[in-house]
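A short write-up of the structure that comes next.
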Amino acid sequence: MSLRAWMEHWQQRVDTALDRWLPDPKTNPATLHEAMRYSVFNGGKRVRPVLVYAAGQAMGVDEAVLDSPACAVELTHAYSLVHDDLPAMDNDDLRRGQPTCHKAFGDAMAILAGDALQTLAFYALSHGLPDSVPSSHRLEIIDLLAVASGSRGMAGGQAMDLAAVGKELSVAELEDMHIHKTGALIRASVKMGALCSQDHDDNRIGKLDHYAKCIGLAFQIQDDILDVTADTQTLGKTQGADLARDKPTYPALLGLEGARELATELTNDALNTLKGFDERAEPLRALGRYIIERTH
Ligand code: IPE
Ligand code: IPE
Ligand code: MG
Ligand code: MG
Ligand code: MG
């Protein structure tokens, strides 16, 4: 199967599962439920859930077992985007080709939609992980998402991002910021998928974690590159937003070529780590390449 076919399959699978977790838009408070659905079903690439499924598959896990962590990480990601776009943060009008949540529903509703998406993510884990996942792993999965999205993960990275506006960071500082704001959730996606397996093979899980650390950083480097090189229509978000807001980025620090070289190096490192894995890791390998070749 091609990566495209795997991605479509897993995108459809997670969308069906997300539809089950999200409250009906007619249920009170209807506007909040509409805002939540608006922010989830708006054409995201679903890279993080796809990574959950691909990592689980590499460890021999059944797809149905992976639905709840796949949903949890996408709900967390959707919440992070709603808040990232708010006027107090990046102040963006366009997301996934449509008006951002706060443009469509107002700032207050967007804040609440983000809050509710975040807690729904944990509900999807606490209620959705099947008994086939050992209970110690279930707790570890919940713990992983909590740390990866909190002040020592994504939210912390977002704080570093805001503090860095208008400043010149060193390469090490920029790496630290990217590893937190984007890398942490990508790394958690892979590890959550792997931890759904019955046996806890520390060596293989460690290798998957190293793969995820590399592609997580490469993902944000490519996001920074696309902000410079892509157009608004393809991106589905405003092109040049980083430059306009004076954000420190990899292209700003290393130049476009330097940023591309680093992303390629990280991908090669990630792919080397998967050398001992069999053909079930093929989607993970293809995803590593896709992350730096993608055009939006
Ligand atoms: C964009 O993430 C925000 C970052 C963390 C870089 P994606 O590029 O995965 O956005 P969607 O989900 O496909 O819209
Ligand atoms: C987003 O980084 C990281 C998040 C945690 C949401 P960006 O601010 O670069 O993401 P985009 O470019 O708006 O999608
Ligand atoms: Mg941002
Ligand atoms: Mg942004
Ligand atoms: Mg960006």
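The values are calculated or read from the model by the stated rules, or taken from the named source; none is laboratory data. Source: prediction; values computed, not measured. Here the Cβ positions follow ideal geometry from the backbone for every residue, glycine too, while neighbour counts run over all protein chains shown. For the accessible areas, the whole protein counts, side chains as well, though only heavy atoms, and no ligand, DNA or RNA atoms are used. Shrake-Rupley method; radii C 1.70, N 1.55, O 1.52, S 1.80 Å.
By the gyration tensor of its Cα atoms, with a ≥ b ≥ c the square roots of the eigenvalues, what is the shape of segment 23-174: rounded for a/c under 1.5, prolate for a/b over b/c, or oblate? The partial results should precede the final answer.
On the way: a/c = 2.01, a/b = 1.23, b/c = 1.63.
Judged from the Cα gyration tensor, segment 23-174 comes out oblate (a/c at least 1.5, b/c at or above a/b).
R0 = 22 Å: FRET efficiency of Ser132 with Thr16, Cβ-based, nearest 0.05? Don't skip to the end; give the middle numbers.
Numbers: r = 20 Å, r/R0 = 0.91.
FRET efficiency, Ser132 to Thr16: 0.65.
Over segment 15-167, with every protein chain in place, what whole percent of the accessible area is carbon and sulfur at 1.4 Å, could you tell me? Please list the in-between numbers first.
On the way: 3290 of 6090 Å².
Here carbon and sulfur together make up 54 percent of the probe-accessible area.
Based on alpha-carbon centroids, what's the gap between segment 206-280 and segment 67-126 in Å, whole number please?
After rounding, the separation between the Cα centres reads 22 Å.
Mind running the shape call on the chain? Use the C-alpha gyration tensor, a ≥ b ≥ c as the square roots of the eigenvalues: rounded below 1.5 for a/c, prolate if a/b tops b/c, oblate otherwise. The partial results should precede the final answer.
Details: a/c = 1.63, a/b = 1.07, b/c = 1.51.
Taking the square roots of the gyration eigenvalues as a ≥ b ≥ c, the chain is oblate.
Please give me the summed charge of the neighbours of Gly60: other residues whose Cβ is under 13 Å from its Cβ, Lys and Arg +1, Asp and Glu -1. Write out the running numbers ahead of the final one.
Numbers: positive: Arg204, Arg280; negative: Asp62, Glu63, Asp199, Asp201, Asp278, Glu279.
Result for the local shell: -4.
Under a crude label model (7 Å from the Cα following the beta-carbon direction), how far is Ala64 from Asn272 in nanometres?
Roughly 4.1 nm, to one decimal.
What is the sum of charges around Ala212, taking Lys and Arg as +1, Asp and Glu as -1, for the other residues whose C-beta is under 12 Å from the C-beta of Ala212?
Working: positive: Arg48, Arg187, Lys191, Lys207, Lys213; negative: Asp209, Asp269.
Neighbourhood net charge equals +3.
Of Lys181/Lys213; Lys45/Lys181; Lys26/Lys237; Lys191/Lys275; Lys103/Lys237; Lys167/Lys237, which sit over 21 Å apart, Cα to Cα? Intermediate values should be presented prior to the final figure.
Numbers: Lys181/Lys213 12 Å; Lys45/Lys181 18 Å; Lys26/Lys237 29 Å; Lys191/Lys275 18 Å; Lys103/Lys237 13 Å; Lys167/Lys237 24 Å.
Correct reply: Lys26/Lys237; Lys167/Lys237.
Once you place label points 7 Å from the Cα toward the Cβ at Ser170 and Ala30, how far apart are they in nm?
Placing both labels 7 Å along Cα→Cβ, they lie 5.7 nm apart.
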